[in-house]
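Accompanying notes for the structure given below.
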Amino acid sequence: SLLKHARIEAMNAHDPKLSGAYRIVGTKWTLARFEASVFVDRLAKDHDLSVGPKTFGNMRAKICQIDALAGLQKLGLSETQLAYIKRYFFQAGERILALCQQNPHLLETVPGEADCIRGLVRYAVEFEAVRSLEDLIIRRMPFGNARCPKNDTISYCAQESYQFLGQELTDVDLMLQKEKLQNFYLKTKPLTH
């Protein structure tokens, strides 16, 4: 099953010859830069290293993202929706704002997910290399991390992803996609005795 948080592993636990080597086991492609930044900070602190300037998390980027959140707030998003964007899509704020300004219906909530706006699904589909519905829901959207989303949510995401990929979504396709997702979550659900 998908991890809820990234973790850092010292490789010498696997092979003593790899002392000083580390690896990061991530959660999602969209969080890779953030997790890498945390990883470098931790290694620098633990080993008293100077790593030089990093581009991730610099002040200019943060100001742009804060401005984007303010712009989304002016468009009418709730505090919980803004918190959701800040937590999961902070680095994409400018693109999400631009999408919502161009197409105001993207400010509406995703069916079945009160804190997630349609603009986030559109952003993921357009800018995060989504290649399938499973990829979108399981790997790109926070609501698909640990549980199977509601049928309304799956249907909406299917329609958006198929439309972007230039495919027609039939009722049979939708039924097969829902079944595929449910099977994925059943496989990852821990057994209880």
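The values are calculated or read from the model by the stated rules, or taken from the named source; none is laboratory data. This one's a predicted model, so the numbers in the text were calculated from it and none came from an experiment. Using ideal geometry, Cβ is built from the backbone for each residue, glycine included, and neighbour counts are taken over all protein chains shown. SASA here: full protein model, heavy atoms, side chains in, ligands and nucleic acids out. Shrake-Rupley method; radii C 1.70, N 1.55, O 1.52, S 1.80 Å.
At a glance:
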| quantity | calculated |
| --- | --- |
| Efficiency of FRET from Cβ geometry, A13 and S50, R₀ 25 Å, rounded to 0.05 | 0.40 |
| Relative contact order (%) - criterion: Cα under 8 Å, at least six apart; region: the stretch 65-156 | 22 |
| The stretch 72-193 - Debye-derived log10 I(q)/I(0), Cα point model, q = 0.09, 0.15, 0.18 Å⁻¹ | -0.25, -0.67, -0.93 |
| 5 angstrom amide H check on Y22, placed H, neighbours 5+ away | M11 |
| Virtual paramagnetic centre 7 Å along Cα→Cβ of T80, amide N under 14 Å, in the stretch 103-145 | 109-117 |
| Neighbour-limited loop hits for GluC sites (Glu not before Pro), the stretch 66-171 (at most 13 other Cβ within 10 Å; DSSP other than H, G, I, E, B) | E108, E168 |
| Fraction in percent of alpha-carbon pairs per bin - 10 Å, the stretch 114-160 | 28, 66, 6 |
| Accessible area, probe 1.4 Å, largest first, for residues V172, V38, V125 | V172, V38, V125 |
| Additional length obtainable on full extension of the chain from Q73 to Q101, 0.36 nm per residue less Cα span | 8.9 nm |
